[in-house]
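**Student:** Have a look at this one.
The values are calculated or read from the model by the stated rules, or taken from the named source; none is laboratory data. A quick note: this is a predicted structure, and the numbers were derived from the prediction, not measured. Glycine gets a Cβ as well: all are built from the backbone with ideal geometry, and neighbour counts include every protein chain shown. Only protein heavy atoms, including side chains, enter the accessible area calculation; ligands, DNA and RNA are left aside. Shrake-Rupley method; radii C 1.70, N 1.55, O 1.52, S 1.80 Å.
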Amino acid sequence: MTQHFINGRQTAGRTGETMAVLAPATGEEFTRIACGNAADIDDAVKAARAAYEGAWGKLTAAERGRLIARLGLAVLDHFDELALLEARDTGKPMAQAKADIEACARYFEFYGGAADKVHGHIVPFLNGYSVNVVHEPYGVTGHILPWNYPAQMFGRSLVPALAMGNAVVLKPAEEACQTALRLAVLASEVGFPDGAINVVTGRGHEAGAALSAHPGIGFMSFTGSPEVGKMVQIACAENYVACTLELGGKSPQIVFDDADVDAAVPIVCKAIVQNTGQTCSAGSRVLVQQGIYDEFMEAVAGQFAKLRAGTPEMDLDCGPVINAKQRGRVQSFVDQAREAGIPVIAEGQIAQGVPNGGFFVTPTLFGPVPRGNRLEQEEVFGPVLAAFPFSDEEDAIRTANSTAYGLVASVWTKDGGRQQRVSKRVRAGQVFINGYGAGGGIELPFGGTGKSGHGREKGFIALEEFAVTKTIVHKHG
Ligand code: NAD
């Protein structure tokens, strides 16, 4: 049984109600978590406010940065414990869990160092005036996060907010919140004041909805589905509160006929297979120029056919997906595509000996997928790659921009002019030329457009998201 973490203490919450959390690899109960409600959220927001007005808010930027960096070191000190916890909670292969904890630690290193480097600026104005532009914390920020990368998301969403001086309240996903709770306890152990970091677990429509609607929140950071993101934004609007939304994508990997095929093929596969396809920035569409389509897809098929899904301990290419609902969702895409007669180019396998109750799906490569099909337009959030041939540069850009999403894209070509033209016209918050980076890249501004959401995370830009810009105009003659 794991409890909320409010005001520096573990607590069962107001009702004591709990819910089961299943291990995705077995389908069996792994632990129970507290079901937070509006009163628990209110307690957490009040604790955060008190910390902001008290011990946490009084720290200098350098002191905040040092505490954040210290927590990053604690993450590394507890590396194996956190990786194991993450793997059991999410079902991900151990290698992925370790990469996630490493990335989590990087957020603390990066923003620990950045905390005292947020400088304002001076604006030259009229004679007799001095103008300073400064960045101030909101006070209390809210964070609602998904289950796919719990530890990394903690780093990505909470740490820049803390670095700016905000106190935070997190509602992690009910499916996987163990590492977030552990990080909050570690934070307390390394010296974070009570109330600086609060974690309330529970259901989205209860604890999540209460957090997004709480008038004591100054800014909201949401990662998850477009449907819930819209609800969170509406709730924020009622309180005139701004939010960032990170809502996933249908990211294209565009391969021109002059691409380095040997370099592209493994990366194209990894971009969809990583974390069993449960990555907002997964490269879930591969667009290949007609002249090399057959050759390229044959090479991708060779890699796909070798893919294996297994338990965290087996540490194969994929794990299970998070739960039965998600498995049903992924399977419905696969079944509908098969029924529609879309060719299966290759399939991986579920490894022998996985537990019967685990939520495993078979990695599947479809193509050519008809334009407008569900596999082109909707996020699967599983290891399913859809292939599309294209004729020329215009067709490539049109196809890449044919969905409502716009998160990440890659362009594979040796032609320098084309690299620039396509990067500029493709609708995405990040474009990789001759590469792909799903996850990681703490230094790189990241975020979407359209149905992928808005606002930017990672890099220095994320610090400004969690700050109010104030212009101080001094008329002194
Ligand atoms: P979700 O949007 O339902 O859940 C994300 C978070 O929002 C969780 O913490 C959840 O408890 C909370 N939440 C749910 N309802 C809420 C409400 N009414 N008010 C406030 N908070 C609420 O996502 P999901 O069910 O976990 O996954 C569904 C789909 O979302 C996936 O299939 C995938 O397409 C997408 N997804 C995207 C990302 C991403 O990183 N962009 C991550 C996970 C899921």
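**Student:** Mean separation of Cα pairs under 8 Å and 6+ residues apart, divided by the residue count of segment 252-442: what relative contact order is that in percent?
**Tutor:** It rounds to 29 percent for segment 252-442.
**Student:** Hand me the tally of lysine pairs in segment 356-477: alpha carbons under 29 angstrom apart, and the pair either on different chains or 8 or more positions apart.
**Tutor:** Lysine pair count for segment 356-477: 5.
**Student:** What does the highest-first list of 380-390, 209-219, 352-362 look like by mean Cβ count within 10 Å?
**Tutor:** For the peptides 380-390, 209-219, 352-362, the packing ranking is 380-390, 209-219, 352-362.
**Student:** Something else about it: Computed over the Cα atoms, what is the radius of gyration of segment 267-329 divided by 2.2 N^0.38 Å, N being its residue count?
**Tutor:** 1.27
**Student:** Let me cross-check K230: its accessible surface, 1.4 Å probe, with only protein heavy atoms counted, in Å² to the nearest 10?
**Tutor:** Here the residue's solvent-accessible area equals roughly 140 Å².
**Student:** Next up: Write down the Å³ per residue value for the convex hull defined by the alpha carbon atoms of segment 388-444.
**Tutor:** 95 Å³
**Student:** Report for the chain the percent antiparallel among DSSP-assigned beta bridges with both residues inside it, nearest 5.
**Tutor:** Antiparallel: roughly 40 percent of the beta bridges in the chain.
**Student:** OK, next. To the nearest 10 square angstrom, how much accessible area does E102 have with a 1.4 angstrom probe?
**Tutor:** Per-residue accessible area (E102): approximately 100 Å².
**Student:** If ligands, DNA and RNA are left out, what is the accessible area of C236 with a 1.4 Å probe, given in Å² to the nearest 10?
**Tutor:** That residue has around 0 Å² of solvent-accessible surface.
**Student:** Further question on the same structure: In nm², what is the average projected area of the convex hull enclosing the Cα atoms of the chain?
**Tutor:** Quarter of the Cα hull surface area: 23.5 nm².
**Student:** Report Rg(Cα)/(2.2 N^0.38 Å) for segment 365-477, keeping two decimals.
**Tutor:** So the Cα radius of gyration is 1.39 times the expected 2.2 N^0.38 Å.
**Student:** Among the DSSP beta bridges whose two residues both lie in segment 22-174, what percent are antiparallel, rounded to the nearest 5?
**Tutor:** 40 percent
**Student:** In addition: Over the chain, what is the relative contact order in percent, taking alpha-carbon pairs closer than 8 angstrom and at least six residues apart?
**Tutor:** Taking the mean separation of contacting Cα pairs over the length of the chain, I get 19 percent.
**Student:** Give the Debye-formula value of log10 I(q)/I(0) at each listed q (0.10, 0.11 Å⁻¹), with one equal scatterer per alpha carbon of segment 4-247, two decimals each.
**Tutor:** -0.45, -0.54
**Student:** Carbon-plus-sulfur fraction of the accessible area of the chain, 1.4 Å probe, in percent?
**Tutor:** For the chain, the apolar C and S fraction of the accessible surface comes to 52 percent.
**Student:** Using Cα pairs under 8 angstrom and six or more residues apart, how large is the relative contact order of segment 1-84, in percent?
**Tutor:** Here the relative contact order equals 22 percent.
**Student:** Still on this model: Give the accessible surface of the chain per residue, rounded to a whole number of Å², with probe radius 1.4 Å and ligands, DNA and RNA excluded.
**Tutor:** 38 Å²
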